[in-house]
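Worksheet: one structure, shown below.
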Amino acid sequence: MNNIFSRHQILSLLGFVSVVFLGTHSSVVAQTTTITADDNPVPIPGSVATTSAAFVDNEAPIVANTSKQGVNNQIVPKQVAQADINPGRVTRGGSSYVGVAGNIGLGGGDSALGDGNFAVMSKIGLTRAISVRPAAVFGDNTAILIPVTYDFSVQSAEDPFTEPLPFAPYVGVGAALKTGDDSQIAFLVSGGVDIPLNRQFTATAAVNAAFFDQTDVGLLLGVGYNFQGF
């Protein structure tokens, strides 16, 4: 009798344990399924996405567009044209040169510029249109001339698209220095024309007027040897 009762108790206990185990296992499976479903939400039509992944996906194109706008809106600095000064360069009037000349006095006589004398002269191109043309006229009261000139390039009136004519006029102003016992610095006006002879030589003719106590005027005729740069 006791054995039968014990068997019934054991069977009842095993049944209770089985029910408890099955119930616990079902809860664990349900919880696992719920968590998995929360990690991967299914989009519902008409709802607003609230996950960080959704925000990242939506914001990525905006960042890209902003970057493109930044590239397109870059401010490009304006370039200002500048005249490069390159001593000895070729100007539109021809090459720079240094040479010898003869001076014919046309008036005055306060310095060597107003008399017939030997001279050295030069042209040093600074920009495409600007030159400095130092010269020295030797004699009693030697005159040193330093005019800064504007060089022209003459085109044919019939066909402006042809090559420039084979001469280049220039005009300018500067300073004249008279040496000797009565040394003096005066205002100088100069004008002339350059005539290229070949690749190596240029002929030049210039009229110079120096306003000393007496205005000295001289005609300078010479030939220069062409060079380029220093």
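Remark: pairs (first residue in region 173-189, over 21 Å from residue 130 (Cβ atoms); second residue aromatic (Phe, Trp, Tyr); Cβ separation under 8 Å; 6+ apart in sequence or on different chains) = 178/212; 184/212; 186/211; 186/212. Scanning region 142-159 turns up one or more residues that are in contact with a Lys or Arg (Cβ under 6 Å, 6 or more places away or on another chain), among the small types (Gly, Ala, Ser), surrounded by fewer than 20 Cβ atoms within 10 Å (Cβ to Cβ) and part of a loop (DSSP other than H, G, I, E, B).
Output the residues belonging to region 196-230 that are over 23 Å from residue 115 (Cβ atoms) and either free of Cβ contacts under 8 Å to residues at least 24 places away in the same chain or surrounded by fewer than 15 Cβ atoms within 10 Å (Cβ to Cβ) (or both). If the condition is that a residue be over 23 Å from residue 115 (Cβ atoms) and either free of Cβ contacts under 8 Å to residues at least 24 places away in the same chain or surrounded by fewer than 15 Cβ atoms within 10 Å (Cβ to Cβ) (or both), then 197, 198, 199, 200, 225, 228, 229, 230 are the ones that fit. Here's a check for you: in region 89-135, which residue that is under 14 Å from residue 209 (Cα atoms) and touching a helix residue (DSSP H, G or I) at 6+ places or on another chain (Cβ under 9 Å) is modelled with the lowest pLDDT? Filtering region 89-135 for residues that are under 14 Å from residue 209 (Cα atoms) and touching a helix residue (DSSP H, G or I) at 6+ places or on another chain (Cβ under 9 Å), the one modelled with the lowest pLDDT comes out as 108. In region 108-122, the condition of being within 38 Å of the chain's Cα centre (by Cα) and surrounded by fewer than 22 Cβ atoms within 10 Å (Cβ to Cβ) is met by at least one residue.
The values are calculated or read from the model by the stated rules, or taken from the named source; none is laboratory data. As the structure is a computational prediction, the values presented were derived from the model and not from experiment. All Cβ positions, glycine included, derive from the backbone under ideal geometry; neighbour counts span all protein chains shown.
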